[in-house]
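The values are calculated or read from the model by the stated rules, or taken from the named source; none is laboratory data. It should be emphasised that the depicted structure is a prediction, and the values quoted were computed from it without experimental measurement. Quick reminder, even Gly has a Cβ in these numbers, built from the backbone with ideal geometry, and neighbours come from all protein chains shown.
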(Lines give C-alpha, C1' and ligand atoms only; values in the text may rest on other atoms or scores of the structure.)
Protein backbone atom coordinates (compact mmCIF):
# COMPACT_ATOMS: atom_id res chain seq x y z
CA UNK A 1 0.00 0.00 0.00
CA UNK A 2 2.88 2.34 0.81
CA UNK A 3 4.51 1.76 -2.56
CA UNK A 4 1.16 2.26 -4.30
CA UNK A 5 0.67 5.57 -2.42
CA UNK A 6 4.11 6.77 -3.60
CA UNK A 7 3.25 5.96 -7.22
CA UNK A 8 -0.14 7.66 -6.91
CA UNK A 9 1.50 10.80 -5.47
CA UNK A 10 3.83 10.94 -8.46
CA UNK A 11 0.94 10.50 -10.88
CA UNK A 12 -0.92 13.49 -9.44
CA UNK A 13 2.08 15.88 -9.41
CA UNK A 14 4.03 14.94 -12.55
CA UNK A 15 3.31 17.64 -15.18
CA UNK A 16 3.48 14.98 -17.89
CA UNK A 17 0.74 12.94 -16.25
CA UNK A 18 -2.88 13.62 -17.25
CA UNK A 19 -3.93 13.04 -13.62
CA UNK A 20 -1.94 16.09 -12.53
CA UNK A 21 -4.29 18.36 -14.51
CA UNK A 22 -7.51 17.09 -12.98
CA UNK A 23 -9.45 19.40 -10.62
CA UNK A 24 -8.26 18.94 -7.04
CA UNK A 25 -5.10 17.08 -8.07
CA UNK A 26 -2.90 18.84 -5.42
CA UNK A 27 -5.28 17.70 -2.67
CA UNK A 28 -5.30 14.11 -3.89
CA UNK A 29 -1.50 14.13 -4.25
CA UNK A 30 -1.07 15.52 -0.74
CA UNK A 31 -3.36 12.83 0.66
CA UNK A 32 -1.44 10.03 -1.04
CA UNK A 33 1.87 11.57 0.04
CA UNK A 34 0.67 11.66 3.65
CA UNK A 35 -0.40 8.01 3.43
CA UNK A 36 3.03 7.14 2.02
CA UNK A 37 4.85 8.99 4.78
CA UNK A 38 2.79 7.32 7.51
CA UNK A 39 3.40 3.86 6.11
CA UNK A 40 7.00 3.95 4.92
CA UNK A 41 9.85 2.45 6.93
CA UNK A 42 11.83 5.27 8.52
CA UNK A 43 15.57 4.85 8.23
CA UNK A 44 17.90 6.96 10.33
CA UNK A 45 18.05 10.49 8.86
CA UNK A 46 21.40 12.22 8.50
CA UNK A 47 22.25 15.47 10.27
CA UNK A 48 23.10 16.89 6.83
CA UNK A 49 24.43 20.19 8.19
CA UNK A 50 26.54 21.58 5.35
CA UNK A 51 26.86 25.22 6.45
CA UNK A 52 25.73 27.74 9.07
CA UNK A 53 25.22 31.49 8.99
CA UNK A 54 27.46 33.70 11.13
CA UNK A 55 27.29 37.49 11.05
CA UNK A 56 25.99 37.48 7.49
CA UNK A 57 28.57 34.95 6.26
CA UNK A 58 27.95 31.37 5.20
CA UNK A 59 30.41 29.11 7.03
CA UNK A 60 30.93 25.59 5.60
CA UNK A 61 30.66 22.80 8.17
CA UNK A 62 32.43 19.44 8.25
CA UNK A 63 31.09 16.35 10.05
CA UNK A 64 33.52 13.70 11.26
CA UNK A 65 33.33 10.43 13.18
CA UNK A 66 35.92 10.89 15.94
CA UNK A 67 35.41 7.65 17.84
CA UNK A 68 33.34 4.59 17.03
CA UNK A 69 32.13 1.99 19.51
CA UNK A 70 29.65 -0.86 18.90
CA UNK A 71 26.75 1.09 20.43
CA UNK A 72 27.79 4.70 19.84
CA UNK A 73 29.73 7.02 17.56
CA UNK A 74 31.22 10.32 18.69
CA UNK A 75 30.50 12.87 15.96
CA UNK A 76 32.28 16.19 15.60
CA UNK A 77 30.82 19.20 13.77
CA UNK A 78 33.14 22.13 13.14
CA UNK A 79 33.77 24.99 10.76
CA UNK A 80 35.67 23.93 7.66
CA UNK A 81 39.09 25.38 8.51
CA UNK A 82 40.28 25.08 4.91
CA UNK A 83 37.33 27.05 3.57
CA UNK A 84 37.49 29.69 6.34
CA UNK A 85 41.26 30.11 6.57
CA UNK A 86 42.11 33.78 6.96
CA UNK A 87 38.54 34.79 7.78
CA UNK A 88 38.27 37.06 10.80
CA UNK A 89 36.67 35.60 13.92
CA UNK A 90 37.77 32.02 13.24
CA UNK A 91 39.75 31.61 16.48
CA UNK A 92 39.33 28.43 18.46
CA UNK A 93 35.78 28.12 19.75
CA UNK A 94 34.60 26.43 22.96
CA UNK A 95 33.91 22.72 22.61
CA UNK A 96 30.44 21.43 23.52
CA UNK A 97 29.57 17.77 24.00
CA UNK A 98 25.86 17.21 23.37
CA UNK A 99 24.80 14.05 25.20
CA UNK A 100 21.80 12.80 23.26
CA UNK A 101 19.22 10.73 25.12
CA UNK A 102 19.01 7.03 24.43
CA UNK A 103 15.26 6.96 24.82
CA UNK A 104 13.88 5.95 21.45
CA UNK A 105 14.84 8.63 18.96
CA UNK A 106 18.09 8.91 17.05
CA UNK A 107 20.43 11.74 18.04
CA UNK A 108 19.40 13.58 14.87
CA UNK A 109 16.30 14.70 16.80
CA UNK A 110 18.72 17.27 18.31
CA UNK A 111 19.69 18.61 14.89
CA UNK A 112 18.41 22.09 15.75
CA UNK A 113 20.53 22.14 18.92
CA UNK A 114 23.65 21.30 16.92
CA UNK A 115 22.80 23.85 14.23
CA UNK A 116 22.22 26.60 16.79
CA UNK A 117 25.46 25.88 18.67
CA UNK A 118 27.65 25.64 15.58
CA UNK A 119 28.27 29.33 14.74
CA UNK A 120 30.07 29.91 18.07
CA UNK A 121 31.13 26.43 19.17
CA UNK A 122 32.78 23.22 18.09
CA UNK A 123 30.11 20.58 18.65
CA UNK A 124 30.43 16.90 19.54
CA UNK A 125 27.41 14.57 19.64
CA UNK A 126 26.81 11.09 21.06
CA UNK A 127 25.28 9.30 18.08
CA UNK A 128 23.70 6.10 19.44
CA UNK A 129 23.57 3.00 17.25
CA UNK A 130 20.35 1.07 16.67
CA UNK A 131 20.74 -2.08 18.79
CA UNK A 132 19.21 -4.24 16.04
CA UNK A 133 22.37 -3.53 14.03
CA UNK A 134 24.84 -4.54 16.77
CA UNK A 135 25.85 -8.23 16.60
CA UNK A 136 25.32 -10.30 19.74
CA UNK A 137 29.08 -10.99 19.74
CA UNK A 138 29.67 -7.33 20.71
CA UNK A 139 28.19 -8.07 24.12
CA UNK A 140 25.51 -6.36 26.22
CA UNK A 141 25.03 -2.65 26.80
CA UNK A 142 24.03 -1.47 30.27
CA UNK A 143 23.35 1.96 31.76
CA UNK A 144 26.82 1.69 33.32
CA UNK A 145 28.23 1.37 29.80
CA UNK A 146 26.52 4.63 28.79
CA UNK A 147 28.22 6.34 31.74
CA UNK A 148 31.58 4.85 30.75
CA UNK A 149 31.11 6.04 27.14
CA UNK A 150 30.52 9.62 28.30
CA UNK A 151 33.60 9.45 30.54
CA UNK A 152 35.71 8.20 27.62
CA UNK A 153 34.39 10.91 25.29
CA UNK A 154 35.15 13.66 27.83
CA UNK A 155 38.70 12.36 28.25
CA UNK A 156 39.18 12.15 24.49
CA UNK A 157 37.94 15.70 23.79
CA UNK A 158 39.69 17.14 26.85
CA UNK A 159 37.75 18.43 29.84
CA UNK A 160 39.74 21.65 30.27
CA UNK A 161 37.92 23.50 27.49
CA UNK A 162 34.75 21.41 27.32
CA UNK A 163 31.13 22.17 28.14
CA UNK A 164 28.57 19.36 28.40
CA UNK A 165 24.90 19.69 27.41
CA UNK A 166 22.78 16.69 28.42
CA UNK A 167 19.14 16.40 27.42
CA UNK A 168 16.28 14.29 28.82
CA UNK A 169 17.36 10.75 29.74
CA UNK A 170 21.01 11.66 29.12
CA UNK A 171 21.10 13.97 32.16
CA UNK A 172 21.41 11.00 34.53
CA UNK A 173 24.44 9.24 32.97
CA UNK A 174 26.10 12.59 32.14
CA UNK A 175 25.93 13.73 35.76
CA UNK A 176 27.16 10.31 36.86
CA UNK A 177 30.11 10.40 34.45
CA UNK A 178 31.29 13.82 35.62
CA UNK A 179 30.81 12.77 39.25
CA UNK A 180 33.06 9.74 38.72
CA UNK A 181 35.72 11.87 37.03
CA UNK A 182 35.65 14.30 39.95
CA UNK A 183 35.85 11.50 42.53
CA UNK A 184 38.88 10.09 40.71
CA UNK A 185 40.64 13.47 40.75
CA UNK A 186 40.43 13.84 36.97
CA UNK A 187 39.66 17.15 35.24
CA UNK A 188 35.95 17.87 34.81
CA UNK A 189 34.27 20.06 32.16
CA UNK A 190 34.00 23.81 32.59
CA UNK A 191 30.21 23.62 32.74
CA UNK A 192 27.40 21.09 32.84
CA UNK A 193 23.98 22.00 31.40
CA UNK A 194 21.15 19.60 32.24
CA UNK A 195 17.84 19.99 30.38
CA UNK A 196 14.53 18.26 31.13
CA UNK A 197 15.84 15.07 32.69
CA UNK A 198 14.82 12.70 35.54
CA UNK A 199 17.62 13.40 38.01
CA UNK A 200 15.04 12.75 40.74
CA UNK A 201 11.89 11.22 39.22
CA UNK A 202 10.13 11.34 42.62
CA UNK A 203 9.50 15.06 42.18
CA UNK A 204 6.29 16.05 40.38
CA UNK A 205 5.90 12.62 38.78
CA UNK A 206 4.38 12.62 35.30
CA UNK A 207 2.32 9.93 33.58
CA UNK A 208 5.59 8.48 32.25
CA UNK A 209 7.06 8.31 35.77
CA UNK A 210 3.89 6.80 37.21
CA UNK A 211 3.75 4.10 34.55
CA UNK A 212 7.36 3.14 35.25
CA UNK A 213 6.82 3.19 39.01
CA UNK A 214 3.56 1.19 39.07
CA UNK A 215 4.77 -1.79 37.06
CA UNK A 216 7.29 -4.31 38.43
CA UNK A 217 10.47 -4.81 36.43
CA UNK A 218 9.24 -8.26 35.38
CA UNK A 219 6.26 -6.67 33.61
CA UNK A 220 8.54 -4.62 31.36
CA UNK A 221 10.70 -7.66 30.70
CA UNK A 222 7.75 -9.86 29.77
CA UNK A 223 5.76 -7.37 27.70
CA UNK A 224 8.26 -5.02 26.06
CA UNK A 225 11.40 -7.05 25.43
CA UNK A 226 11.77 -9.07 22.21
CA UNK A 227 14.57 -10.71 20.24
CA UNK A 228 15.82 -9.08 17.04
CA UNK A 229 14.81 -11.27 14.06
CA UNK A 230 16.80 -12.15 10.97
CA UNK A 231 18.16 -10.69 8.74
CA UNK A 232 19.36 -7.80 10.96
CA UNK A 233 23.02 -7.92 12.09
CA UNK A 234 21.83 -8.00 15.72
CA UNK A 235 19.62 -11.09 15.22
CA UNK A 236 19.06 -12.77 18.58
CA UNK A 237 19.83 -9.68 20.68
CA UNK A 238 17.13 -8.81 23.24
CA UNK A 239 15.81 -5.27 22.72
CA UNK A 240 13.00 -2.86 23.47
CA UNK A 241 11.84 -2.59 19.83
CA UNK A 242 11.44 0.72 18.08
CA UNK A 243 7.89 -0.02 16.87
CA UNK A 244 6.67 -0.34 20.47
CA UNK A 245 8.48 2.85 21.43
CA UNK A 246 6.96 4.71 18.51
CA UNK A 247 3.47 3.58 19.50
CA UNK A 248 4.12 4.89 23.02
CA UNK A 249 5.44 8.22 21.71
CA UNK A 250 2.41 8.74 19.48
CA UNK A 251 0.05 7.83 22.32
CA UNK A 252 1.81 10.27 24.67
CA UNK A 253 2.03 13.17 22.20
CA UNK A 254 -0.54 12.69 19.42
CA UNK A 255 -0.74 16.44 18.82
CA UNK A 256 2.95 16.65 17.88
CA UNK A 257 2.64 13.93 15.24
CA UNK A 258 -0.67 15.20 13.84
CA UNK A 259 0.52 18.82 13.81
CA UNK A 260 3.75 18.13 11.94
CA UNK A 261 1.98 16.02 9.29
CA UNK A 262 -0.85 18.55 8.97
CA UNK A 263 1.65 21.36 8.34
CA UNK A 264 3.43 19.22 5.76
CA UNK A 265 0.11 18.40 4.04
CA UNK A 266 -0.91 22.10 3.83
CA UNK A 267 2.49 23.19 2.51
CA UNK A 268 2.35 20.41 -0.09
CA UNK A 269 -1.05 21.65 -1.30
CA UNK A 270 0.16 25.25 -1.49
CA UNK A 271 3.22 24.21 -3.44
CA UNK A 272 5.54 25.75 -0.82
CA UNK A 273 8.43 23.39 -1.50
CA UNK A 274 10.89 24.92 0.99
CA UNK A 275 8.50 24.89 3.96
CA UNK A 276 7.23 21.43 3.03
CA UNK A 277 10.82 20.14 3.00
CA UNK A 278 11.36 21.58 6.48
CA UNK A 279 8.24 19.92 7.83
CA UNK A 280 9.16 16.68 6.09
CA UNK A 281 12.54 16.69 7.82
CA UNK A 282 10.86 17.23 11.21
CA UNK A 283 8.49 14.33 10.50
CA UNK A 284 11.36 12.06 9.44
CA UNK A 285 13.42 12.90 12.53
CA UNK A 286 10.48 12.32 14.88
CA UNK A 287 9.42 9.08 13.16
CA UNK A 288 12.93 7.59 13.10
CA UNK A 289 13.34 5.51 16.23
CA UNK A 290 15.84 2.85 17.23
CA UNK A 291 15.82 -0.40 19.18
CA UNK A 292 17.31 -0.12 22.67
CA UNK A 293 19.38 -2.89 24.22
CA UNK A 294 17.13 -4.69 26.70
CA UNK A 295 19.64 -4.54 29.55
CA UNK A 296 20.04 -0.78 29.15
CA UNK A 297 16.29 -0.18 29.11
CA UNK A 298 15.66 -2.40 32.14
CA UNK A 299 18.57 -0.81 34.03
CA UNK A 300 17.06 2.61 33.40
CA UNK A 301 13.64 1.53 34.68
CA UNK A 302 15.13 0.00 37.82
CA UNK A 303 17.87 2.53 38.67
CA UNK A 304 16.17 5.78 37.64
CA UNK A 305 12.42 5.17 38.06
CA UNK A 306 12.13 2.40 40.66
CA UNK A 307 15.02 2.87 43.05
CA UNK A 308 16.02 6.51 42.39
CA UNK A 309 19.64 5.56 43.11
CA UNK A 310 21.21 8.80 41.86
CA UNK A 311 18.90 10.97 43.96
CA UNK A 312 19.29 8.74 47.02
CA UNK A 313 23.06 8.47 46.74
CA UNK A 314 23.01 4.67 46.40
CA UNK A 315 24.20 4.28 42.80
CA UNK A 316 27.51 2.62 42.02
CA UNK A 317 28.91 2.28 38.51
CA UNK A 318 31.32 -0.61 38.06
CA UNK A 319 31.93 -0.67 41.78
CA UNK A 320 32.54 3.09 42.10
CA UNK A 321 30.00 5.17 44.05
CA UNK A 322 28.41 8.05 42.12
CA UNK A 323 29.04 11.15 44.25
CA UNK A 324 27.88 14.42 42.62
CA UNK A 325 29.02 16.22 45.78
CA UNK A 326 32.61 15.60 44.67
CA UNK A 327 32.20 17.99 41.72
CA UNK A 328 33.82 21.34 42.56
CA UNK A 329 35.17 23.00 39.42
CA UNK A 330 32.23 22.64 37.02
CA UNK A 331 29.51 25.28 36.73
CA UNK A 332 25.94 23.92 36.76
CA UNK A 333 22.91 25.13 34.81
CA UNK A 334 19.61 23.25 34.96
CA UNK A 335 16.72 24.02 32.61
CA UNK A 336 13.14 22.83 32.86
CA UNK A 337 9.97 23.45 30.88
CA UNK A 338 6.95 24.71 32.76
CA UNK A 339 4.66 22.37 30.78
CA UNK A 340 7.02 19.39 30.51
CA UNK A 341 4.89 16.25 30.71
CA UNK A 342 7.84 13.83 30.53
CA UNK A 343 10.23 15.21 33.18
CA UNK A 344 8.18 16.98 35.85
CA UNK A 345 8.98 20.27 37.57
CA UNK A 346 11.90 19.97 39.97
CA UNK A 347 13.28 16.70 38.59
CA UNK A 348 16.22 18.35 36.83
CA UNK A 349 16.64 21.08 39.44
CA UNK A 350 17.32 18.29 41.95
CA UNK A 351 20.90 18.24 40.63
CA UNK A 352 21.58 21.41 42.66
CA UNK A 353 20.88 19.56 45.91
CA UNK A 354 23.15 16.70 44.86
CA UNK A 355 26.05 18.87 43.66
CA UNK A 356 26.81 20.33 47.07
CA UNK A 357 30.48 20.85 46.22
CA UNK A 358 29.70 23.48 43.56
CA UNK A 359 29.56 26.99 45.02
CA UNK A 360 26.17 28.69 44.86
CA UNK A 361 27.56 31.45 42.62
CA UNK A 362 28.36 28.80 39.98
CA UNK A 363 24.84 27.35 39.95
CA UNK A 364 21.80 28.55 38.07
CA UNK A 365 18.32 27.23 37.34
CA UNK A 366 15.88 28.30 34.62
CA UNK A 367 12.22 27.36 34.17
CA UNK A 368 11.01 28.20 30.67
CA UNK A 369 7.43 29.44 30.77
CA UNK A 370 4.78 27.80 28.56
CA UNK A 371 7.43 25.32 27.40
CA UNK A 372 6.85 21.60 26.84
CA UNK A 373 9.44 18.84 26.74
CA UNK A 374 10.26 18.94 23.03
CA UNK A 375 10.23 22.76 23.10
CA UNK A 376 13.34 22.60 25.27
CA UNK A 377 15.48 21.61 22.30
CA UNK A 378 13.53 22.64 19.19
CA UNK A 379 11.44 25.49 17.90
CA UNK A 380 11.16 29.10 19.07
CA UNK A 381 11.45 28.32 22.81
CA UNK A 382 14.85 26.72 22.24
CA UNK A 383 16.16 29.40 19.89
CA UNK A 384 14.94 32.57 21.62
CA UNK A 385 14.59 31.64 25.31
CA UNK A 386 16.72 28.64 26.22
CA UNK A 387 19.75 28.87 23.97
CA UNK A 388 20.67 32.39 25.19
CA UNK A 389 21.08 30.99 28.73
CA UNK A 390 23.23 28.14 27.38
CA UNK A 391 25.35 30.50 25.27
CA UNK A 392 25.88 33.00 28.09
CA UNK A 393 26.94 30.35 30.58
CA UNK A 394 29.45 28.88 28.14
CA UNK A 395 30.83 32.35 27.42
CA UNK A 396 31.18 33.06 31.13
CA UNK A 397 33.20 29.90 31.83
CA UNK A 398 34.99 29.44 28.51
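Odds and ends about this structure:
- Filtered by the rule that a residue be touching a residue at least 24 places away in the same chain (Cβ under 8 Å) and either crowded, with 19+ Cβ neighbours inside 10 Å or in contact with a helix residue (DSSP H, G or I) (Cβ under 6 Å, 6 or more places away or on another chain) (or both), region 304-319 gives 304, 305, 308, 310, 311, 315, 317, 318.
- Summed over region 370-381, residues that are closer than 13 Å to residue 168 by Cβ and in a helix (DSSP H, G or I) total 3.
- Residue that is modelled with the lowest pLDDT, among those in region 269-299 that are under 21 Å from residue 209 (Cβ atoms) and outside any helix (DSSP H, G or I): 289
- Residue within region 156-174 that is modelled with pLDDT of 95 or more, assigned to a loop (DSSP other than H, G, I, E, B) and surrounded by fewer than 24 Cβ atoms within 10 Å (Cβ to Cβ) present: yes
- Residues that are buried (at least 16 other Cβ atoms within 10 Å of the Cβ) and farther than 21 Å from residue 345 by Cα, drawn from region 360-390: 362
- Annotation for region 300-308: no member residue is touching a strand residue (DSSP E or B) at 6+ places or on another chain (Cβ under 6 Å) and modelled with pLDDT of 95 or more.
- The listed residue being assigned to a strand (DSSP E or B) and touching a residue at least 40 places away in the same chain (Cβ under 8 Å), out of 367, 329, 348, 334: 334
- Filter result for residue 240 (surrounded by 15 or more Cβ atoms within 10 Å (Cβ to Cβ) and in contact with a strand residue (DSSP E or B) (Cβ under 6 Å, 6 or more places away or on another chain)): yes
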